[in-house]
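**Q** Sharing a structure below in structure tokens format, with a few things to ask.
Only the coordinates and a few stated rules stand behind these numbers; no lab work does. Being a predicted model, the structure only gives us computed values, none of them experimental. Cβ placement follows ideal geometry from the backbone for every residue including glycine, while neighbour counts extend to all protein chains displayed.
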Amino acid sequence: MTIKVGDKIPAVRLMYMSDKGPASITTGELFARKRVAVFGLPGAYSPVCSAQHLPGFVAKARALKAKKIDSIVCVSVNDPFVMDAWGKDHKVGKDVLMLADHKGELTRAIGLQEDFSNFGLGERSKRYSMMVDDGKVTALNLEDSVFACGISSAESLVAQA
């Protein structure tokens, strides 16, 4: 079942690269008492993700933070090393937290998995963005196509914040 506005984010563990190497964070730690802009995408370094989706959130980070957003989070079914390298390549700095849904647990738990085997990717995430307030989804923007990112863009979340 696909997550919807009003639902709580399920409890899972995600990975990121810390100064000391791979580290984990739970969704409870990530979302508790915070307003978080989240965007999910099929894969690091893939064409639309690299050319439009991630760069849009980097460019709009200041506008989102001005709307009292505590953090901006990028989630993809990749490993933490890839997410870290991709973030560095796009100069996300501290503006966007690059999280690896390394086992696809969050993606499956929120019902946004899709089989991209035809593209050589296997099971990955659909493209989406959402606003999460203290663990509860307050806005959800789901793309109909992996090749589109207008509905799930940073601009959409800025308007909804």
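**Q** Measure out, as a whole number of angstrom, how far apart the alpha-carbon centroids of the range 117-161 and the range 21-75 sit.
**A** 11
**Q** Ratio to report: Rg/Rh of the range 13-160, with Cα atoms as the point set and Rh obtained by the Kirkwood method; give two decimals. Can you show the working numbers first?
**A** Numbers: Rg = 13.8 Å, Rh = 15.0 Å.
The Rg/Rh ratio comes out at 0.92.
**Q** In debye, nearest 20, what is the charge dipole magnitude of the chain about its Cα centre with +1 on Lys and Arg Cβ and -1 on Asp and Glu Cβ, if you could check? Present the calculation step by step, with values, prior to reporting the outcome.
**A** Working: 21 positive and 18 negative charges, 117 e Å.
So the magnitude is around 560 debye.
**Q** If you don't mind, another one. What's the exposure ranking of Leu97, Leu106, going from fewest to most Cβ atoms within 10 Å?
**A** Values: Leu97 19, Leu106 25.
Starting with the residue having the fewest Cβ neighbours, the order is Leu97, Leu106.
**Q** Give me, ordered by chain and number, the residues 5 or more places off Leu97 or on other chains with an amide H under 5 Å from its own placed amide H.
**A** Those lying under 5 Å, H to H, from Leu97 are Ile72, Val73, Cys74.
**Q** Quick one: what are the phi-derived ³J(HN,Hα) couplings along the range 39-49, Karplus 6.51/-1.76/1.60 with θ = phi - 60°, whole Hz, x for glycine and proline?
**A** 9, x, 8, x, x, 4, 6, 6, x, 5, 4
**Q** Take the chain, mark every one of the trypsin sites (Lys or Arg not before Pro) that falls in a DSSP loop and has at most 16 other Cβ within 10 Å, then report the longest stretch left between them, sites excluded. Don't jump to the answer; show the numbers that get you there.
**A** Details: sites that count: Lys4, Lys20, Arg33, Lys34, Lys67, Lys68, Lys91, Lys94, Lys103.
In the chain, the maximal stretch lacking such sites is 104-161.
**Q** Considering the options Gly21, Gly56, Ala159, tell which one lies farthest towards the positive end of the dipole of the chain, charges being +1 on Lys and Arg and -1 on Asp and Glu at the Cβ, about the Cα centre.
**A** Value: Ala159.
**Q** Now for a different question. Within the set Lys20/Lys136; Lys4/Lys68; Lys67/Lys103; Lys88/Lys126, which residue pairs have Cα atoms separated by over 28 Å?
**A** Numbers: Lys20/Lys136 31 Å; Lys4/Lys68 22 Å; Lys67/Lys103 32 Å; Lys88/Lys126 23 Å.
With Cα atoms farther than 28 Å apart: Lys20/Lys136; Lys67/Lys103.
**Q** Right, here's the next one. For Asp7, which sequence-distant residues (separation of 5 or more, or a different chain) have an amide H within less than 5 Å of its own amide H, given hydrogens modelled in the peptide plane?
**A** HN-HN under 5 Å from Asp7: Val137.
**Q** Work out from phi, with θ = phi - 60° and the Karplus expression 6.51 cos²θ - 1.76 cosθ + 1.60, the ³J(HN,Hα) of each residue of the range 51-59, listed in order in whole Hz, and give x for Gly and Pro.
**A** Along the range 51-59, the couplings run 7, 10, 5, 4, x, x, 6, 5, 5 Hz.
**Q** Which order results if Cys49, Cys74 are arranged by neighbouring Cβ count within 10 Å, fewest first?
**A** On the way: Cys49 22, Cys74 26.
Starting with the residue having the fewest Cβ neighbours, the order is Cys49, Cys74.
**Q** Taking the Cβ of each residue in His90, His53 as the centre, tally the other Cβ atoms inside 10 Å and list the residues starting with the fewest.
**A** Numbers: His90 20, His53 24.
Least to most surrounded, the residues fall as His90, His53.
**Q** Which chymotrypsin sites (Phe, Trp or Tyr not before Pro) in the range 94-161 pass both tests, a DSSP loop state and at most 12 other beta-carbon atoms within 10 Å? Display every interim value, and only then the final one.
**A** Working: sites: Phe116, Phe119, Tyr128, Phe147; in loops: Phe116, Phe147.
Those that pass, being in a loop and sparsely packed, are Phe147.
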